[in-house]
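Read through the structure below, which is laid out as structure tokens, and then see the notes.
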Amino acid sequence: MASKKKPAPGKAEVATPEGAAVPNERPFEDGEDVDDGEDGARGGFAGESDGEPPEAEAPGDIDDELEAEGELAAAELEESQGDGDVAAAAAIAEPPRQRTAPRPPTPPRPEGPPVRSTAAFQHGSAASGAKLVKPGFATSKAADLAFALGYPHLEYIVDDHPDDARAEMIAYERRSYRLGWPRGVAVRWCRITASKGFKRTPQGASELDTAGKKALKNGAPLSEEEVALSLKSMFSDTSSYEELRELVRLFEAFVGPELVATSIVDALEKSSNNVWNHQDLDRANVVHHIGFLLLRLPASLADKLKSRLAAVFDRRVKALPSKELGPRKGERGSLLRALDIVLNGKAGAERSGERSEDEIVAGDLVHIAKDEAFVREAACRIVTSDARLTFLGGDPVLDHALDVFPRFRGSHHVLLDGFAEVASPKAIELLQRLAKGKEVADRARAVLLARGVTG
């Protein structure tokens with residue numbers, strides 16, 4: 001059990017795990033802020049990567065380049081004042097100072113593993129999604145609430161993580177984490193991503209441009225202004241971004257759902273026809289995440305934002321040549337389809353959900369909170385490691401996961417993160433199978449031991 005730690009004013013409650021080998025030994029403890037289903041499987045656990053990273057430039061080399069390019073970069077930024085795209089990138093690299101307060105000194109904490117926190121659940125039981133709690137679904141009341149608010153589709157920030165000693169190098173390599181990002185890595189990763197300051201070489205290595213290199217050197221706390229500017233800039237043109245799903249989750253972990261949701265809605269209301277007609281999976285993932293943000297906001301604000309989004313949706317549908325939104329045909333990366341799925345439950349998923357072999361994919365079922373039978377039937381026709389669908393569709397979804405368990409090769413970490421605190425005896429059976437495998441055996445055994453299951 002975690003020993004609770006008094007949260008500082010305005011910060012989410014965190015817990016200090018005791019005896020855990022890694023910060024994400026289990027998704028959460030009672031009282032600890034609590035993500036990610038199948039759609040987040042690409043990253044690694046805190047402290048892990050997806051394998052050997054590509055050979056990268058050393059931080060010392062980056063320092064030398066930045067020093068040599070300093071005057072040139074300043075001149076380029078000065079010349080770009082009329083260019084909204086570059087100006088936005090400069091703002092990301094150098095956050096506004098007027099609202100960026102220094103972090104207060106961190107009091108010493110007891111010895112032990114790093115602790116993690118998230119602002120995503122800062123509204124707790126006052127959040128709109130709290131009415132969806134299913135008592136006893138998980139092993140604690142805190143975990144029950146977390147699932148109602150969209151766990152595991154969120155992110156956490158880890159303080160005192162050993163990887164922060166190499167934050168610049170790790171951010172440069174574009175390494176990602178699951179359910180626990182080192183704070184220093186996350187800040188730099190966010191700024192590089194928001195500035196569009198990187199690209200991948202054909203060999204898979206990272207390259208940073210001037211904006212990316214400046215972002216890499218900026219480890220100051222993210223300000224509200226730069227988060228809002230980043231989110232609004234995403235929908236101001238059709239330029240290319242990458243990894244926006246991870247970015248919006250990290251922004252939420254840092255500043256909470258309110259600023260993130262209102263900034264996105266503001267931007268969507270003002271976005272041009274070019275933006276809405278542009279098919280972009282990364283931007284569509286940001287719209288998709290609105291569904292989780294709405295669960296985590298106070299009900300009054302969630303209702304207001306839903307009404308604004310519904311007005312945007314209606315206006316955009318009426319702008320279509322047919323004046324109505326028919327069944328989806330391709331359209332991968334459509335903002336309008338993503339918004340339909342967020343707003344319209346079962347009808348939206350049936351009309352706009354992406355399909356594979358004629359079945360709606362798991363990621364487009366996660367916002368159907370009021371039709372358990374539909375989710376259950378749809379989820380049992382596909383292979384999904386997303387624990388949210390068990391929350392929405394009931395134990396038969398977990399039974400189906402056990403039936404198709406051999407098909408989860410490479411996704412054991414997603415299953416462990418999602419089901420570690422699901423109370424069903426079937427979840428114990430799933431954890432035992434994970435403990436007998438090779439991908440997450442040690443972590444699975446630790447979770448079972450923490451739940452009092454031995455042998």
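Percent of Cα pairs in the stretch 139-264 per distance bin of 10 Å, from zero to the largest separation: 12, 42, 33, 10, 2. Fully extending the segment from Arg332 to Asp314, taken as 0.36 nm per residue of separation minus the present Cα-Cα distance, adds 4.5 nm.
The listed peptides 138-146, 269-277, 395-403, ordered by packing as a protection proxy, come out as 138-146, 395-403, 269-277 (highest mean of other Cβ atoms within 10 Å first). Overall shape of the stretch 302-455 was characterised from the C-alpha gyration tensor. The equivalent ellipsoid obtained from it has semi-axes of 36, 16, 13 Å, in decreasing order. In this label model, Glu224 and Thr238 are separated by 3.5 nm, measuring between points 7 Å along each Cα→Cβ vector.
A simple packing score, the average count of other Cβ atoms within 10 Å per residue, orders the peptides 415-426, 302-313, 210-221 as 415-426, 210-221, 302-313, with the highest score first. Straight-line reach from Lys370: taking Cα to Cα under 24 Å and skipping same-chain neighbours fewer than 8 places apart, the lysines in range are Lys131, Lys134, Lys141, Lys304, Lys306, Lys346, Lys426.
Computed from the coordinates by the stated procedures, all read-outs in this text should not be read as laboratory data. Just so it is clear, the model here is predicted, and its values are computed rather than measured. FYI the Cβ positions are ideal-geometry reconstructions off the backbone, even for glycines, and counts take in every protein chain you see.
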